[in-house]
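Okay, here's the structure, questions in a sec.
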Amino acid sequence: MQAKMTVNKAFTISTIDPRVYGTFLEHMGRAVYSGIYEPGHKTADAKGFRQDVKELVKELNTPLIRYPGGNFLSGYNWEDGIGKNRPKRLDLAWKTVETNEVGLHEFINWSKEVNAEVNMAINLGTRGIDAARNIVEYCNHPGGTYWSDLRRQNGAEAPFNIKTWCLGNEMDGPWQIGGKTAEEYGRLAAEAAKVMKWVDPTIELVVCGSSNDQMPTFASWEATVLEHTYEHVDYLSLHSYYGNHKNDLQNYLAMSVGMDRFIKSVTAICDYIKAKKRSNKTLNLSFDEWNIWYHSNEKDSENEPWQQAPPILEDIYNFEDALLFGCLLITLLKNSDRVKIACLAQLVNVIAPIMTEKNGAAWRQATFYPFMQAAHHGHGTVLRHNLDVPAYDCVDFNAVPFVESVAIHNEVKNEIIVFAVNRSANESTDFTAELQGFNPTSILEFTEISGHDVKQVNTKDTCPVVPKKADAASINGNQLTASLKPLSWNMIRVGVADK
Ligand code: AHR
């Protein structure tokens, strides 16, 4: 099969916001307790946080971590996680017991150690404007007031200066503690947003869109919520999880087409409200929960309630998951003009790229690698491209290109980075990219994940699903040529000289 990409230096989509490589850590399952935090573990630091996990998070290179939920958020009192008195509470979202040993200060300090900013979420399920303005004052006000001085007493003299805040979580979901109609939520979010920005006008706010595009209220939810909040907020959220429930590989690998359609639809709704309000402001998107989630569904339905840190949502990812995951990443990048924040849900143990054994090792899932490669190398300007490639039809999608790809120009490093997934199960692809306006000089790196059984997983002991060096790539004039193996994730980095 042939795939011909054409890009031109002058035709660009947008600069990539590094926050598109955000992740998410919720107080649920073993994400926090026996995930990032396990006092007594042989690698634990003086505060009880696992150093081996910190090292893997740094290796992943995520610049932003959404916290502390998720569904958990909607019943959470942030004050339970500060000071000496840490009450144990029932978490009604996941039917577990939350000990609150880890709270605001512990998490913010930990995130600094892994070089990430915090994307803080506030509870708009059981709580409201008062708790919202107080937490902003606690985190971001320098001092001389009740909440900011309490922060200082609790050991943080300097404000945390948290920049990005989420106004609740999945408030359209009937499963949400304190779920709301679009009218109820829109009004509450607008008032919370207003006072949060009065406390700190430098913050940015994410308002909740639908929990996914299959919700019965999808689209009208977005429109109503934005009617109330458009001028107060900076991003609208999208959430979506994918799974190979039908065990249909070609259909599964096409699900990123659904993600693209979802992003385009939500963008259209934002622009509809912009037009309706005659606003000069363009609202951007925060895809603040995305991932594959289905392997653990059956096991989780058997869980006993009210355990502390039970192993829930522990999907073990395989090679086909890594391929779809790559397509999803590429889709987020291709929409970098509107998707400025995205959070892989989640980071450790709970539908995560990083897993831990209690008292044992931390290890990398198959999905760790496409994310890590993109988070390290996928920076710069996304180039508009034309891709001439055969396509296929499957159960849920038509005209799915056999190759999903994106090209990025990193102006600082003088590189072009191509990420590409070959969806074909049996044909390798002769991939060419005509790099108009560029002077390509050398192939800096060509790595691929390929050649595995689609159900191949990594485990704590073996790690077969990893990128390996590929060699069939070359430069001829301004043309890049590479061979993409059947069912493969590929990263090609090309050095370019000034023209
Ligand atoms: O990431 C797991 C859960 O998925 C989150 O708590 C919730 O927001 C979503 O439904």
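Could you grab the pairs with beta carbons closer than 7 Å, sequence gap of 6+ or different chains, first residue in the range 117-139 and hydroxyl-bearing (Ser, Thr, Tyr), second one modelled with pLDDT of 95 or more?
Thr126/Ser74; Thr126/Gly75; Thr126/Ile177; Thr126/Gly178; Tyr138/Trp147; Tyr138/Ser148; Tyr138/Leu150; Tyr138/Arg151
Is it the case, given these coordinates, that Val266 is in the same structural domain as Ala192 (by TED's automatic domain parsing) and under 30 Å from Glu320 (Cβ atoms)?
Yes; evaluated as a whole, the condition is true for this residue.
Taking the range 217-234 only, how many residues are closer than 22 Å to Leu332 by Cβ, within 16 Å of the ligand (Cβ to nearest atom) and either of a type in the set (Ser, Thr, Tyr) or surrounded by fewer than 21 Cβ atoms within 10 Å (Cβ to Cβ) (or both)?
1
Can you name the number of the only condition in (1) in contact with a Leu (Cβ under 9 Å, 6 or more places away or on another chain); (2) more than 30 Å from Val382 (Cα to Cα); (3) within 16 Å of the ligand (Cβ to nearest atom) that Lys95 fails?
Every listed condition holds for Lys95 apart from (1).
Determine the pairs where a residue that is in contact (Cβ under 8 Å) with a residue 24 or more places away in the chain, located within the range 2-17, has a partner that is of a type in the set (Lys, Arg) and part of a loop (DSSP other than H, G, I, E, B) with Cβ atoms under 9 Å apart, the partner being 6 or more residues away or on another chain.
If the second residue must be of a type in the set (Lys, Arg) and part of a loop (DSSP other than H, G, I, E, B), the pairs left are Lys9/Lys499; Ser14/Arg338.
Would you please list the contacts, defined by Cβ atoms under 6 Å and residues six or more apart or on different chains, that run from a residue in the range 487-499 that is outside any strand (DSSP E or B) to a residue that is of a type in the set (Gly, Ala, Ser) and surrounded by fewer than 24 Cβ atoms within 10 Å (Cβ to Cβ)?
Leu487/Ala425
Yes or no: Arg86 assigned by TED's automatic domain parsing to the domain that holds Ile330, more than 16 Å from Val118 (Cα to Cα), surrounded by fewer than 21 Cβ atoms within 10 Å (Cβ to Cβ) and away from the ligand (no atom under 16 Å from the Cβ)?
Values: assigned by TED's automatic domain parsing to the domain that holds Ile330: yes; more than 16 Å from Val118 (Cα to Cα): yes; surrounded by fewer than 21 Cβ atoms within 10 Å (Cβ to Cβ): yes; away from the ligand (no atom under 16 Å from the Cβ): yes.
So Arg86 fits the description; yes.
Quickly run through the range 236-259 and pick out the residues that are over 24 Å from Ala420 (Cα atoms) and away from the ligand (no atom under 16 Å from the Cβ).
The answer is His245, Lys246.
Right, here's the next one. Which one is surrounded by the most Cβ atoms within 10 Å (Cβ to Cβ) among residues in the range 150-184 that are within 30 Å of Asn115 (Cα to Cα) and of a type in the set (Asp, Glu)?
Going through the qualifying residues, I end up with Glu170.
So in the range 235-265, with the set limited to residues that are hydroxyl-bearing (Ser, Thr, Tyr) and not in a strand (DSSP E or B), which one is nearest to Val339 (Cα to Cα)?
Across the range 235-265, the extreme among qualifying residues is Ser265.
Further question on the same structure: Which members of the range 266-297 meet the condition of being buried (at least 16 other Cβ atoms within 10 Å of the Cβ) and either away from the ligand (no atom under 16 Å from the Cβ) or aliphatic (A, V, I, L, M) (or both)?
Val266, Thr267, Ile269, Cys270, Ile273, Lys274, Leu283, Asn284, Leu285, Ile292
A further question follows. Anything in the range 163-176 that is under 23 Å from the mean Cα position of the chain (by Cα) and within 12 Å of the ligand (Cβ to nearest atom)? List them, or say none.
Selection gives Cys166, Gly168, Asn169, Glu170, Met171, Asp172, Gly173, Trp175, Gln176.
Name the single residue, out of those in the range 299-345 being under 15 Å from the mean Cα position of the chain (by Cα) and assigned to a loop (DSSP other than H, G, I, E, B), that is farthest from the ligand (Cβ to nearest atom).
Going through the qualifying residues, I end up with Ser336.
The values are calculated or read from the model by the stated rules, or taken from the named source; none is laboratory data. If you're wondering where the values come from, they're calculated on a predicted model, not measured in any experiment. For neighbour counting, all protein chains shown are included, and Cβ atoms are generated from backbone atoms with ideal geometry for every residue, glycine included.
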